[in-house]
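Peer 1: Just passing along the structure, written as structure tokens.
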Amino acid sequence: MQTVYGPIPSRRLGRSLGVDPIPLKTCNWNCIYCQLGRSTPLVNARDEYIPRETILAEIQATLAHHAPGEIDHISFVGSGEPTLHSGLGWMIRAVRQITTIPVAVITNGVLLHRADVRAELLAADIVMPTVSAGTAALYQRIHRPHPAATYVRLIDGLEAFRALYTGQLWVEVMLMREVNDSEDALLALAACCGASIPIRCTSSCPTVRPRSPG
Ligand code: SF4
């Protein structure tokens with residue numbers, strides 16, 4: 001299998017079948033904690049990096065080898081940023097037509113400022129964006145983003161998506177010692193997220209493949 005792996009145990013998503021729809025390290029962030037190394041070059045353009053039909057066929061083939069109940073979630077995650085695949089919405093909808101297993105998307109949230117990406121993610125049962133910085137300066141320091149992936153766009157996109165989305169929105173926070181764990185940084189983060197978004201802390205990147213999806 002090229003794009004599908006697992007199911008593997010996940011703290012958050014149970015037995016999670018991972019779907020990696022993009023080539024290694026295709027990302028619009030270059031996080032200081034990334035387990036995959038540097039993002040060179042930074043990529044912020046959506047594309048059909050792998051044919052969507054190929055990915056769907058691999059999901060179907062994997063599901064055919066598992067009895068009902070053996071997979072708790074199908075998770076679009078990947079070794080980069082999964083929303084960079086221009087067929088993500090098509091794939092989520094296609095998966096939902098072939099199975100009742102809930103679909104999760106683990107994303108850095110950068111592209112949620114785009115209406116097309118927000119519309120595509122509405123079809124997912126769970127969306128898990130990352131918010132680890134409560135200020136633009138800390139955002140730059142932690143994520144070293146593509147120039148178009150600004151902090152304002154990230155927060156605006158999250159707010160716009162939250163206003164539309166009726167599924168489960170789990171904001172994830174990467175806490176790093178002496179980077180974003182001071183009282184000021186945590187207060188800024190809490191203010192940024194707001195009381196209406198549940199925060200689930202993680203100990204490693206939510207979007208890298210070496211660890212379990214979820
Ligand atoms: S940690 Fe995740 S979001 Fe950050 S650069 Fe690596 S793959 Fe991209």
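Peer 1: What's the number of the only condition in (1) within 14 Å of Leu84 (Cα to Cα); (2) without any contact (Cβ under 8 Å) to a residue 12 or more places away in the chain; (3) not β-branched (Val, Ile, Thr) that Ala45 fails to meet?
Peer 2: (2)
Peer 1: Next question, about the same structure. Quick check on this structure: which one of Pro23, Pro82 is within 16 Å of the ligand (Cβ to nearest atom), closer than 24 Å to Val117 by Cα and open to solvent by 30 Å² or more (accessible area, probe 1.4 Å)?
Peer 2: The unique qualifying residue is Pro23.
Peer 1: With respect to Ala190, is the statement that it is modelled with pLDDT under 90, open to solvent by 70 Å² or more (accessible area, probe 1.4 Å) and out of contact with any Leu (no Cβ under 7 Å at 6 or more places or on another chain) true?
Peer 2: No; evaluated as a whole, the condition is false for this residue.
Peer 1: Within region 165-184, track down each residue that is surrounded by 13 or more Cβ atoms within 10 Å (Cβ to Cβ), within 16 Å of Asp125 (Cβ to Cβ) and modelled with pLDDT of 95 or more.
Peer 2: Of everything in region 165-184, those that are surrounded by 13 or more Cβ atoms within 10 Å (Cβ to Cβ), within 16 Å of Asp125 (Cβ to Cβ) and modelled with pLDDT of 95 or more turn out to be Tyr165, Gly167, Gln168, Leu169.
Peer 1: How many residues, within region 59-76, are more than 16 Å from the ligand (Cβ to nearest atom), within 26 Å of Leu112 (Cβ to Cβ) and out of contact with any Lys or Arg (no Cβ under 7 Å at 6 or more places or on another chain)?
Peer 2: Residues flagged as more than 16 Å from the ligand (Cβ to nearest atom), within 26 Å of Leu112 (Cβ to Cβ) and out of contact with any Lys or Arg (no Cβ under 7 Å at 6 or more places or on another chain) within region 59-76 amount to 3.
Peer 1: Does region 104-126 hold any residues that are crowded, with 24+ Cβ neighbours inside 10 Å and assigned to a loop (DSSP other than H, G, I, E, B), and which are they?
Peer 2: Listed by number, the residues that qualify are Asn108, Gly109, Ala124.
Peer 1: For the structure I just gave you, tell me whether Ile32 is open to solvent by 50 Å² or more (accessible area, probe 1.4 Å), modelled with pLDDT of 95 or more and in a loop (DSSP other than H, G, I, E, B).
Peer 2: yes
Peer 1: Is it the case that some residue within region 41-57 is at pLDDT below 95 and away from the ligand (no atom under 16 Å from the Cβ)?
Peer 2: So far as region 41-57 goes, no, none of its residues is at pLDDT below 95 and away from the ligand (no atom under 16 Å from the Cβ).
Peer 1: Next up: For region 127-146, which residues satisfy the criterion of being away from the ligand (no atom under 13 Å from the Cβ), open to solvent by 10 Å² or more (accessible area, probe 1.4 Å) and in contact with a Leu (Cβ under 8 Å, 6 or more places away or on another chain)?
Peer 2: Selection gives Gly134 alone.
Peer 1: Count, please, the residues in region 152-187 that happen to be in contact with a Phe, Trp or Tyr (Cβ under 8 Å, 6 or more places away or on another chain) and assigned to a loop (DSSP other than H, G, I, E, B).
Peer 2: Of the residues in region 152-187, 1 are in contact with a Phe, Trp or Tyr (Cβ under 8 Å, 6 or more places away or on another chain) and assigned to a loop (DSSP other than H, G, I, E, B).
The values are calculated or read from the model by the stated rules, or taken from the named source; none is laboratory data. No experiment lies behind these values; they were computed from the predicted model shown. We place every Cβ from the backbone using ideal geometry, glycine too, and count neighbours over all the protein chains shown. What goes into the accessible areas is simple: the full protein's heavy atoms, side chains included, and nothing from ligands, DNA or RNA. Shrake-Rupley method; radii C 1.70, N 1.55, O 1.52, S 1.80 Å.
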